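The values are calculated or read from the model by the stated rules, or taken from the named source; none is laboratory data. Every value quoted in this text rests on a predicted model; they were computed, and no experiment measured them. Reconstructed Cβ throughout: ideal geometry from the backbone, glycine too, with neighbour counts over all protein chains shown. Each accessible area value is taken on the protein alone, full model and side chains, heavy atoms only, with ligands, DNA and RNA left out. Shrake-Rupley method; radii C 1.70, N 1.55, O 1.52, S 1.80 Å.
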Amino acid sequence: MRKKIIYVYILTITILLINLSQVHALDLTLTIQTDKENYLIGETVKIFGQVLFDGQKVNESLVGIQVNNPDNNPVLYRTYFIYEVELPPVIEGDLNGDGYVDIFDAVKIALAFGSEYGDPNYDLTADINKDGIVDIFDMVVVGIHFGEGTPPHTWRIEIIDTFIADYYGRPVAQAKRGSLYFIWVRFKNNQQNYIKANITYTVYDSEGNPLYSDRVAQSVPPGGPHEFVSAFTVPTDAALGTAKIYANAYSNLPQDKGYPHCPEKSSSFEITSSSTSQQASSVITVQQNESNYQTSFHLKTDMKTGTYTAHATAFYHTGVIILLSYNSTSFTVSSP
Ligand SMILES: [Ca+2]
Ligand SMILES: [Ca+2]
């Protein structure tokens, strides 16, 4: 009788070991590397890698990237949404380009309704038939195609948009060197419970120099929109031209092995030496249609020299379980 129990124990342990080895086989591999090991100020750093599930390309994964400078201060945060399927076809009426025609597209027309070319709220995207006026004929196109396409993912935490605004919270399209602005990141919680999130943003100038990044950690209440607003002074030596803001949401920071909650959102604005007012540009989602991710940034003259660390985390849902992976690499930056 006692022997039988021992056999059962051994059998159970064997089954557990087999199961453990199977879990090990279902590994999420995340690679990260740079195109060089040592860089000089003024050069461009390229960071790239791949996400593999059980040695195969993943059909869809989120990759979070964080680069820290030699003082261990974050230089940038990015998220790459990598997937194998084809880009959604361009659908007439899909004004925000998310591959689905819904109420949010109609809202874009509503916001510009009645405006004519030259009016401050005129929106070329909303003027679908391009006759210079946003009216019922544009709305009809959205009505005809309503519901076409594939509904976008419902992410637990979702970045709604990000933009640069003045002191009064009004979005601006141009920002003057040396002046103070506020970066807004609006986000929401699509779940019924509080979710821990780190909301981040990174501003790059037209030469790809990361100018500034900031973040806030919070327990996000259900619903939204919630806002993260932080001050940003345009550096006096920022490159003139089109600058970009990338907003991200992570469970924890990538340096702490947190994974992205959702793809990043971005918007652009012009850095000028003198400011004038113009309409702000629209928000886009950055996606990469491949199993690899790649990011690059320029080393501005005032960047710290020393050893930088790039952290990467991957989030992958097999359909049954969620797998997470972390990896990092380092590189040095020195003066030319
Ligand atoms: Ca849409
Ligand atoms: Ca029109």
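Computed values, structure above
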{"item": "Sole residue being assigned by TED's automatic domain parsing to the domain that holds Phe297 and more than 30 Å from Phe297 (Cβ to Cβ), chosen from Asn193, Asn129", "result": "Asn193"}
{"item": "Pairs with Cβ under 6 Å, 6+ apart, first in the range 113-142 and within 8 Å of ligand 2 (Cβ to nearest atom), second part of a helix (DSSP H, G or I) and open to solvent by 50 Å² or more (accessible area, probe 1.4 Å)", "result": "Asn129/Phe137"}
{"item": "Qualifying residue in the range 144-159 (condition: within 16 Å of ligand 2 (Cβ to nearest atom), open to solvent by 50 Å² or more (accessible area, probe 1.4 Å) and either within 21 Å of Ser268 (Cβ to Cβ) or more than 27 Å from the chain's Cα centre (by Cα) (or both))", "result": "yes"}
{"item": "Pair list, Cβ under 8 Å, 6 or more apart: the range 150-167 residue assigned to a strand (DSSP E or B), other residue modelled with pLDDT under 90", "result": "Asp161/Val283; Thr162/Val283; Phe163/Ala280; Phe163/Val283; Ile164/Ala280"}
{"item": "Residue count, the range 190-204 (criterion: more than 18 Å from Thr79 (Cα to Cα) and crowded, with 21+ Cβ neighbours inside 10 Å)", "result": "0"}
{"item": "Residues that are over 20 Å from Tyr308 (Cβ atoms) and in a strand (DSSP E or B), drawn from the range 237-260", "result": "Gly241, Thr242, Ala243, Lys244, Ile245, Ala247, Ala249, Pro260"}
{"item": "Filter result for Asp98 (farther than 28 Å from Tyr204 by Cα, open to solvent by 10 Å² or more (accessible area, probe 1.4 Å) and at pLDDT below 90)", "result": "no"}
{"item": "Residue check for Thr125: open to solvent by 90 Å² or more (accessible area, probe 1.4 Å), within 16 Å of ligand 1 (Cβ to nearest atom) and under 28 Å from the mean Cα position of the chain (by Cα)", "result": "no"}
{"item": "Single unsatisfied condition, Asp71 versus (1) more than 14 Å from ligand 1 (Cβ to nearest atom); (2) of a type in the set (D, E, K, R); (3) under 18 Å from the mean Cα position of the chain (by Cα)", "result": "(3)"}
{"item": "All positions within the range 261-277 that are crowded, with 17+ Cβ neighbours inside 10 Å, more than 16 Å from the chain's Cα centre (by Cα) and not in a strand (DSSP E or B)", "result": "Ser275"}
{"item": "Qualifying position, being open to solvent by less than 70 Å² (accessible area, probe 1.4 Å), at pLDDT 95 or above and either more than 30 Å from Thr301 (Cβ to Cβ) or within 16 Å of ligand 1 (Cβ to nearest atom) (or both), among Gly64, Gly93, Gly114, Gly55", "result": "Gly114"}
{"item": "Test: residue in the range 89-98 that is at positive phi and in the same structural domain as Tyr194 (by TED's automatic domain parsing)", "result": "no"}
{"item": "Hits in the range 304-336 - residues which are of a type outside the set (S, T, N, Q) and closer than 19 Å to Asp35 by Cα", "result": "Gly306, Tyr308, Ala310, His311, Ala312, Phe331, Val333, Pro336"}
{"item": "Restricting the range 205-220 to residues that are part of a loop (DSSP other than H, G, I, E, B) and open to solvent by 40 Å² or more (accessible area, probe 1.4 Å), the residue that is nearest to Phe269 (Cα to Cα)", "result": "Ser206"}
